[in-house]
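Please read through the structure below; I'll follow up with questions.
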Amino acid sequence: EHTGLLRFEATAEAGAQVRFWHRLFREYLAGARLVGGEYQAKVLVERLVREGRILDPFWEDVLRLLPGALASPERAEPYVRALEEAAAHHQGRRGRFLGLAAEGVIENRDLCPGVNTADRAKELAATYEREGAGWPLRDRLLFLEALGRLDAKGGDPRLAAERWVPLGKGTVELEPPEL
């Protein structure tokens, strides 16, 4: 408790309960536990899919912090690539897989030096333009947040070009919203 990592809380039913001060530390440790032992990126991603963790929003922070638990570019980058490859086999949830891969890069940039984030952001933006409208809303939100953060200098490449829609002359009457 004196390190600031754990706290002890009194509960009516259990007496005392041990908790982490910050949930992201818990999520990191969960990722480290998932990775433990022999590691192959493709096998890990297949296991995460089989166990339902990829599609479970509760596991998002664990999955984005997982490259940090892998602790080296030689292990982190293959994990990101395995998520991207798995996206091809899960067309209906492709946005989620790609968003989680991009989040893995964002949260662990030092472990993914081989990823050109500006180029990857452009590729992902093009993918979203082609396919994104058909993805579930939660997957789109995860994907678009990652897209906007992936290229720290350029941001979302879709915003680089003006996208104004010309409107003809005329009058528009707006009614005030009901309160």
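Taking the dipole about the Cα centre of segment 24-179, with the C-beta of Lys and Arg at +1 and of Asp and Glu at -1, give me whichever of PHE97, LEU147, ALA71 is farthest to the positive side.
Ranked along the dipole, the leading option is ALA71.
Next question, about the same structure. Could you tell me the distance between the Cα centroids of segment 98-115 and segment 24-88, to the nearest Å?
Result: 12 Å between the Cα centres.
Then there is this: With charges only on Cβ, +1 for K and R and -1 for D and E, what is the dipole size of segment 113-167 about its Cα centre, in debye, rounded to 20?
60
Right, here's the next one. May I ask you to order 54-67, 143-156 by the average number of other C-beta atoms within 10 Å around their residues, highest value first?
Descending mean neighbour count gives 54-67, 143-156.
State to the nearest 20 debye the size of the charge dipole of segment 85-179 about its Cα centre, where the only charges are +1 on K and R beta carbons and -1 on D and E beta carbons.
240
Ranked by accessible surface with a 1.4 Å probe, highest first, in what order do GLU178, GLU162 come?
Order by accessible area, largest first: GLU178, GLU162.
Given Cβ point charges of +1 (Lys, Arg) and -1 (Asp, Glu) and nothing else, what value in debye, to the nearest 20, does the dipole of the chain about its Cα centre take?
It comes to approximately 300 debye.
Turning to a different aspect of this structure: Select from ALA160, PRO136, ALA126 the residue farthest towards the positive end of the dipole of the chain; place +1 on Cβ of Lys and Arg, -1 on Cβ of Asp and Glu, and compute about the Cα centre.
Working it through, the farthest residue towards the positive pole turns out to be ALA126.
With all protein chains present, calculate the accessible area of LEU111 using a 1.4 Å probe and round the result to the nearest 10 Å².
Its accessible surface works out to 20 Å², give or take rounding.
R0 = 35 Å: FRET efficiency of GLU175 with LEU137, Cβ-based, nearest 0.05?
Result of the calculation: an efficiency of 0.80.
Regarding the chain, what are the three Cα extents along the principal axes, ordered largest first, in Å?
Projected onto the principal axes, the Cα atoms of the chain cover 69, 47, 32 Å.
Putting +1 on Lys and Arg Cβ atoms and -1 on Asp and Glu Cβ atoms, find which of GLY31, VAL80, LEU55 reaches farthest to the positive end of the dipole of segment 1-114.
LEU55
What's the ranking of 164-175, 42-53 by average number of surrounding C-beta atoms within 10 Å, highest first?
Values: 164-175: 4.7, 42-53: 15.4.
In descending order of packing, they fall as 42-53, 164-175.
Related question: Expressed as a whole percentage, what fraction of the accessible surface of segment 73-168 belongs to carbon and sulfur atoms when a 1.4 Å probe is rolled over the protein heavy atoms?
Carbon and sulfur: 54 percent of the exposed surface of segment 73-168.
Calculate the FRET efficiency for ARG130 and LYS153 from the Cβ-Cβ distance with a Förster distance of 22 Å, rounded to the nearest 0.05.
For R0 = 22 Å, the calculated efficiency reads 0.35.
What lysines could a cross-link reach from LYS153, if we take a straight Cα to Cα line under 21 Å and drop same-chain neighbours fewer than 8 places away?
Result set, ordered by chain and number: LYS122.
Further question on the same structure: Per DSSP H run of at least 4 residues, take -39500 (n - 2.57); add these up for the chain, divide by its residues and hand me the 222 nm value, nearest 500 deg cm²/dmol.
Here the helix-only value at 222 nm equals -16500 deg cm²/dmol.
So how do TYR39, TYR79 rank on accessible area, 1.4 Å probe, biggest first, that is with the largest at the start?
TYR39, TYR79
Taking only C-alpha pairs under 8 Å that are 6+ residues apart, what is the relative contact order of segment 101-167 in percent?
For segment 101-167, the relative contact order is 41 percent.
The values are calculated or read from the model by the stated rules, or taken from the named source; none is laboratory data. The structure displayed is predicted, hence computed values, not measured ones. When we count neighbours, we look across all protein chains shown, and the Cβ atoms used for this are built from the backbone with ideal geometry, even at glycine. These accessible areas exclude ligands, DNA and RNA; they are computed on the full protein's heavy atoms, side chains included. Shrake-Rupley method; radii C 1.70, N 1.55, O 1.52, S 1.80 Å.
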